[in-house]
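Okay, so here's the structure we're looking at.
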Protein chains: 2
Amino acid sequence: MDHVPDQTINRLPIYLRCLTQARAVGIAVVNSLQLAQMAGTNAAQVRKDLSYLGELGRRGIGYDVEGLIAHVSDVLGLTEKRRVAIVGYGRLGGALHSYRGLADRGFDIVAVFDDDAGKVGAPAGDLTVASIDDLEDVLRSLDVEIVILATPTASGQDIAERVASAGVRAIMNFTNARLELPDDVRVRPVDLSVELQVLSFYLARTS
Amino acid sequence: MDHVPDQTINRLPIYLRCLTQARAVGIAVVNSLQLAQMAGTNAAQVRKDLSYLGELGRRGIGYDVEGLIAHVSDVLGLTEKRRVAIVGYGRLGGALHSYRGLADRGFDIVAVFDDDAGKVGAPAGDLTVASIDDLEDVLRSLDVEIVILATPTASGQDIAERVASAGVRAIMNFTNARLELPDDVRVRPVDLSVELQVLSFYLARTS
């Protein structure tokens, strides 16, 4: 399991989503071609990716949807709740807080932070906006595992260093900052314009 | 160019972002290893991906940053502005409207829609929230090329069909709906919880 390629790991959540959708419409068994079509890849890739997780499918029959959901969830560490904080509670931070499906998928937003004195102390859903001054203390006391970084880019590196110093080992980075952090901190950059650029490619080819 | 693999196309915007960052700090030439490290892939992958775009680098020297930015931008169709509409102007739609960098990268938000009578007609940045009743007419009259679908999942398929019927050929889908649309409509599903699930995998492995 320690040798699962990063690209395979990146596809596991997509398979999980497809499997969950299949289950929702009453499908009990899928073969690799069906799963590939739902996930936007090919059957050989599906078989190879899932082979890293052990012997899961049955030749000529396919994968048991319920069993595969449980197994992939387990591999992804989704069987326990993950404690998440949002740092930077502007429009994007606020939208992520109310983003559908995070709680359903085991991600509990347990704290939100901002540096704007006008926001600190205000209600944020069932939470209260915490001050960025208390960042390290609150992250530690709430045992936060993942931080969603939604600050302005200019303060991204500074805040990320403070987050890492508080023991958080995973950051979802919505800023444009290229974060330089200790090797044991895993960073996922998110850039929504990437998706638009991919769509732009296809528009340019077909127009 | 018609045979560039989808996976390569998906990486081109990431290379473009890395190259733009390199330029911002004054780097004029990068080799494939450097670009790979910035993009989170390997040098062979970078060379293979860029080989689809023609003979671009010089052996033993590398890629001219400025020239490669121009070339990748051209391939991605980013040299002309793309006209984009946001359908569903809740917290997520609003956050995407003010999302840093879309306009800088050639994506002009030219219309935003909602079905809430309390929002229709209200100001939205330099726009006014349009009624979903006028969706097809407004998309056509403004010549919208890309729609960002940020409605509730339940109405996703219905709205997407109307978007397609108005001639839009590219949809960025933030709903959970699995859209069934004509083959000439390109859909990019976006699921922010995927990134959290990948982080969760690494947390599960190291804890």
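The values are calculated or read from the model by the stated rules, or taken from the named source; none is laboratory data. Note that this is a predicted model, so its numbers are computed, not measured. Positions of Cβ are generated from backbone atoms using ideal geometry, with glycine treated the same way; all protein chains shown enter the neighbour counts.
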State which residue pairs qualify: first residue assigned by TED's automatic domain parsing to the domain that holds B:Arg169 and among the polar types (S, T, N, Q) and inside the range B:84-102, second residue surrounded by fewer than 24 Cβ atoms within 10 Å (Cβ to Cβ) and not in a helix (DSSP H, G or I) in any location, beta carbons under 9 Å apart, and separation of 6 or more residues or different chains.
B:Ser98/A:Gly90; B:Ser98/B:Gly125
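Would you mention how many residues in the range B:18-41 are under 23 Å from the mean Cα position of the chain (by Cα) and of a type outside the set (A, V, I, L, M, F, W, C)? If you could, list the steps in order and put the result at the bottom.
Looking only at the range B:18-41, we keep the residues that are under 23 Å from the mean Cα position of the chain (by Cα), and these are B:18-24, B:35-41.
Keeping just the survivors that are of a type outside the set (A, V, I, L, M, F, W, C) gives B:20-21, B:23, B:37, B:40-41.
Residues meeting the conditions: 6.
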Going by the structure shown, is B:Glu145 under 29 Å from B:Leu50 (Cα atoms), among the acidic types (Asp, Glu) and surrounded by 23 or more Cβ atoms within 10 Å (Cβ to Cβ)?
yes
Would you check which residues across the range A:78-114 are at pLDDT below 85 and either surrounded by 19 or more Cβ atoms within 10 Å (Cβ to Cβ) or closer than 15 Å to A:Thr151 by Cα (or both) and list them?
A:Leu78, A:Tyr99, A:Leu102, A:Arg105, A:Gly106
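Among residues belonging to the range B:152-182 that are part of a strand (DSSP E or B) and facing chain A (nearest Cβ under 9 Å), point out the one that is nearest to B:Ser193 (Cα to Cα). Spell out the reasoning first.
If we filter the range B:152-182 for residues that are part of a strand (DSSP E or B), which is where we start, we get B:170-173.
Subsequent filtering for residues that are facing chain A (nearest Cβ under 9 Å) retains B:170-172.
Numbers: B:Ala170: 22, B:Ile171: 19, B:Met172: 16 Å.
Taking the candidates together, the pick is B:Met172.
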Scanning the range B:1-33 for residues that are over 22 Å from A:Thr41 (Cα atoms), within 14 Å of chain A (Cβ to nearest Cβ) and out of contact with any Phe, Trp or Tyr (no Cβ under 9 Å at 6 or more places or on another chain) gives B:Leu16, B:Arg17, B:Cys18, B:Thr20, B:Gln21, B:Ala22, B:Arg23, B:Ala24, B:Val25, B:Ile27
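Please determine, by comparing only the residues of the range B:1-54 that are acidic (Asp, Glu) and touching a helix residue (DSSP H, G or I) at 6+ places or on another chain (Cβ under 8 Å), which one is farthest from A:Asp191 (Cα to Cα).
Of all residues in the range B:1-54, those acidic (Asp, Glu) come to B:2, B:6, B:49.
Adding the requirement that they be touching a helix residue (DSSP H, G or I) at 6+ places or on another chain (Cβ under 8 Å) leaves B:2, B:49.
Values: B:Asp2: 25, B:Asp49: 20 Å.
Here the residue is B:Asp2.
Please find, among A:Ala166, A:Ala130, the residue that is touching a residue at least 12 places away in the same chain (Cβ under 8 Å) and buried (at least 19 other Cβ atoms within 10 Å of the Cβ).
The match here is A:Ala130.
Would you check if A:Ser141 is free of Cβ contacts under 8 Å to residues at least 12 places away in the same chain and at the interface with chain B (Cβ under 7 Å from one of its Cβ atoms)? It would help to see each step written out before you state the result.
Numbers: free of Cβ contacts under 8 Å to residues at least 12 places away in the same chain: yes; at the interface with chain B (Cβ under 7 Å from one of its Cβ atoms): no.
Considered against the rule, which asks whether it is free of Cβ contacts under 8 Å to residues at least 12 places away in the same chain and at the interface with chain B (Cβ under 7 Å from one of its Cβ atoms), A:Ser141 comes out as no.
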